[in-house]
Amino acid sequence: MSRKVVVFGSYVTDLTGRSGRLPVPGETVKGSAFLMGPGGKGSNQAVAAHRAGADVTLVTKVGSDVFGTMAVDFYKKEGMDTSYVFVDEKKETGCALILVDETTAQNEIVVLSGACDNITPEDVESCRELIASADILLVQLEINFDALFQAVDIAWEAGVTIVLNTAPAAKLPDEFLRRIDIVTPNETEAKLLTGVTIETEEDAKKAAAVFMEKGVKEVVITLGSMGAFAMNREKSELVGRLPVEAVDTTGAGDAFNGGFVMALAEGKDLFTALRYGNVTGALSVTRKGTAPSMPDRKAIDELYEKHYGKITAGGY
Ligand code: ADP
């Protein structure tokens, strides 16, 4: 049986422009396409986990505006619970300005967090029951930190497994990291938090060891086109990037985290969950956009079986 996942994080509307190359500062380039859609790391990861088959509740905050309405409509269409989508009467819905280079599939992003940077202590308090009764709490760093710390404290006191995706990159106090069961940085975030530049598997091990010295129990590092790495007290493993045609890498980390927590919620071990994350991340880069590019369970299972063999209940 799948256990309950709460994702506590951001919602922003993605405004994406595609062009032949990214402009340098001060330059204007002519683009080829514009796409508007639901985004934000918290929302994307919740959608990814939901589509992957997890029982997910998203806690987020939007503005009382057309973008906020768009978010709620999107969740309803997806069949997701909207009871914990708070509405801010003053602050606008967040948005992300995304530029995608069509030649390299690289991107550049400015996030304006808006309402989801204004989650109040009362908002968090009204989620106490929800968080304390969850099996897994998945958080990121795209909301106001006082609310994030408050939510993590509730989960920690209740013994809920806490997964922290350390995006976007930010320094964090050690006493906060001590409460985290699993961190899932990419290589940039891992470098900021551990001081280790990751170019090889050995480097990934070194960075993971620093996290573990700080009190984090298990570490997963996403390595973009190198694949993904995981380490716990018993072992470590690097799984290679799956061979797919990359169209748009925006949201790959979010897809990874969604697939990863779905597998954890189904009771799979860290290294099997790593593979599910790798598969979900790979599938997401084959499609344009963020939340709408998240794969469903059928596609995930097919690619999983193709590369890692028959799916079993506990492990690979
Ligand atoms: P972020 O978007 O946070 O920087 P990464 O770029 O590390 O995250 O990507 C997250 C995961 O998505 C990777 O660990 C990998 O599993 C998958 N992924 C990313 N890019 C590709 C790609 N080009 N081909 C296949 N899988 C990819």
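Determine if region 274-281 includes at least one residue that is within 14 Å of the ligand (Cβ to nearest atom), surrounded by fewer than 18 Cβ atoms within 10 Å (Cβ to Cβ) and not polar (S, T, N, Q). Checked region 274-281: no residue is within 14 Å of the ligand (Cβ to nearest atom), surrounded by fewer than 18 Cβ atoms within 10 Å (Cβ to Cβ) and not polar (S, T, N, Q). Cβ separations smaller than 7 Å between residues 6+ apart or across chains give no pair from region 216-234 residues that are open to solvent by 20 Å² or more (accessible area, probe 1.4 Å) to residues that are within 6 Å of the ligand (Cβ to nearest atom) and of a type in the set (Ser, Thr, Tyr).
If you go through region 91-99 one residue at a time, do you hit one that is within 16 Å of the ligand (Cβ to nearest atom), of a type in the set (Gly, Ala, Ser) and either at pLDDT 95 or above or touching a strand residue (DSSP E or B) at 6+ places or on another chain (Cβ under 8 Å) (or both)? Checked against the condition, which is being within 16 Å of the ligand (Cβ to nearest atom), of a type in the set (Gly, Ala, Ser) and either at pLDDT 95 or above or touching a strand residue (DSSP E or B) at 6+ places or on another chain (Cβ under 8 Å) (or both), region 91-99 yields at least one hit.
Pairs are defined by a Cβ separation below 8 Å, a sequence spacing of at least 6 or placement on different chains, a first member in region 164-181 that is assigned to a loop (DSSP other than H, G, I, E, B), and a second member that is acidic (Asp, Glu) and open to solvent by 20 Å² or more (accessible area, probe 1.4 Å); the pairs so defined are Arg179/Asp153; Asp181/Glu218.
Quick one: is Leu138 buried (at least 24 other Cβ atoms within 10 Å of the Cβ) and within 16 Å of the ligand (Cβ to nearest atom)? First the steps, then the outcome.
Values: buried (at least 24 other Cβ atoms within 10 Å of the Cβ): yes; within 16 Å of the ligand (Cβ to nearest atom): yes.
For Leu138, the condition - buried (at least 24 other Cβ atoms within 10 Å of the Cβ) and within 16 Å of the ligand (Cβ to nearest atom) - is met.
When Arg18 is tested against (1) at pLDDT below 95; (2) crowded, with 24+ Cβ neighbours inside 10 Å, just one condition goes unmet, and that condition is (2). Please enumerate the residues belonging to region 241-255 that are open to solvent by 40 Å² or more (accessible area, probe 1.4 Å), more than 6 Å from the ligand (Cβ to nearest atom) and closer than 12 Å to Ser293 by Cα. Hit for region 241-255 is Val247, nothing else. Summed over region 282-301, residues that are of a type in the set (A, V, I, L, M), out of contact with any strand residue (DSSP E or B) (no Cβ under 8 Å at 6 or more places or on another chain) and more than 10 Å from the ligand (Cβ to nearest atom) total 3.
Return the residues of region 55-69 that are hydroxyl-bearing (Ser, Thr, Tyr) and either more than 18 Å from the chain's Cα centre (by Cα) or closer than 11 Å to Pro38 by Cβ (or both); say none if nothing qualifies.
From region 55-69, those hydroxyl-bearing (Ser, Thr, Tyr) are 57, 60, 64, 69; that's our starting set.
Within region 55-69, Thr60, Ser64, Thr69 qualify.
Scan region 181-207 for residues that are over 15 Å from Gly277 (Cβ atoms) and away from the ligand (no atom under 11 Å from the Cβ) and the total you get is 16. Of the residues making up region 182-200, those that are free of Cβ contacts under 8 Å to residues at least 24 places away in the same chain and either crowded, with 23+ Cβ neighbours inside 10 Å or not aliphatic (A, V, I, L, M) (or both) are Thr188, Glu189, Lys191, Thr194, Gly195, Thr197, Glu199, Thr200.
The values are calculated or read from the model by the stated rules, or taken from the named source; none is laboratory data. Because the structure is predicted, anything quoted here is derived from the model rather than measured. Every residue, glycine as well, gets a Cβ built from its backbone with ideal geometry; the counts of neighbours run over all protein chains shown. Please note that ligands, DNA and RNA were not included when accessible areas were found on the heavy atoms of the full protein model with its side chains. Shrake-Rupley method; radii C 1.70, N 1.55, O 1.52, S 1.80 Å.
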